[in-house]
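Working notes, structure below.
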Amino acid sequence: MRIIKYNESVVATVFDGTFENGTKPLTEESLPLQIIALKHEKGKKLVPHTHRPTDRTTKTLSEALMVFSGLVQVTIYTHEGVLVERVELSRGQGVQIIDGGIGIEVVEDAEMMEFKNGPFVEDKIVINN
């Protein structure tokens with residue numbers, strides 16, 4: 001995992017697709033979107049569970065992009081539209097935008113999933129770069 005910063009503020013984390021054994025949090029507990037890596041051997045049973053309903057308030061939208069096949073170039077921006085970094089992601093890799101924006105260019109045919117904290121509100125600000 002690699003952390004991307006701009007002016008000492010964490011903007012994104014890049015997941016390289018490697019996993020340690022067990023259930024391992026990859027993000028801080030305080031973030032509105034938490035990502036956990038799970039790597040277990042055949043036969044392992046994880047404890048069935050649910051989470052108590054709790055009011056949660058977030059001021060920022062976090063999103064994560066996971067690539068299942070293909071190749072994409074992700075451009076990471078600040079909220080002000082400053083280009084911070086470009087990263088290429090392939091199968092098994094991903095990125096979480098913690099405090100900023102994202103642009104995606106599909107370099108090779110790709111299958112991806114994007115995750116965001118909700119509820120959905122159309123409040124997109126287009127970055128012109």
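Per-structure values
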item: Alpha-carbon centroids, segment 1-21 and segment 67-86: separation in whole Å; result: 13 Å
item: Per-residue ³J(HN,Hα) for segment 79-93, Karplus 6.51 cos²θ - 1.76 cosθ + 1.60, θ = phi - 60°, Hz, x for Gly and Pro; result: 4, 7, x, 6, 5, 9, 6, 10, 9, 9, 10, 10, 3, x, 9
item: Sites Glu20 and Glu111, calculated FRET efficiency, Cβ-Cβ separation with R0 22 Å, nearest 0.05; result: 0.30
item: Exposed-loop-free span, longest in the chain, where trypsin sites (Lys or Arg not before Pro) count as exposed if DSSP calls them loop and at most 16 other C-beta atoms lie within 10 Å; result: 1-41
item: In sequence order, calculated HN-Hα J values of segment 120-127 (Karplus, 6.51, -1.76, 1.60; Hz; x Gly/Pro); result: 5, 9, 6, 9, 5, 10, 7, 9
item: Relative contact order (percent, whole number), segment 13-61, Cα cutoff 8 Å, 6+ residue spacing; result: 30 percent
item: Spatially close lysines, pair count over segment 1-58: Cα under 19 Å, gap of eight or more or interchain; result: 4
item: Whichever lysines have a C-alpha closer than 16 Å to that of Lys59, once near sequence neighbours (fewer than 8 apart) are set aside; result: Lys116, Lys124
item: Whole-Hz couplings from phi, Karplus 6.51/-1.76/1.60, listed for segment 104-111; x for Gly and Pro; result: 10, 10, 7, 8, 10, 2, 9, 10
item: Net charge dipole size for the chain [Lys, Arg +1 and Asp, Glu -1 on Cβ; Debye, nearest 20]; result: 640 debye
item: Most fluctuating residue given options Leu83, Leu71, Leu38, as computed from a GNM of the chain linking Cα atoms under 10 Å; result: Leu38
item: Segment 1-86: relative contact order as a whole-number percent, Cα under 8 Å and 6+ apart; result: 22 percent
item: Amide proton proximity set for Ala110, modelled H, under 5 Å, gap of 5+; result: none
item: Gain on full stretching of the segment that runs from Thr75 to Glu41 - 0.36 nm per residue minus C-alpha separation; result: 8.7 nm
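Each value in this text was obtained by applying a stated rule to the coordinates, not by laboratory testing. Because the structure is a prediction, the values reported are computed rather than measured. Backbone-built Cβ (ideal geometry, glycine too); neighbour counts: all protein chains shown.
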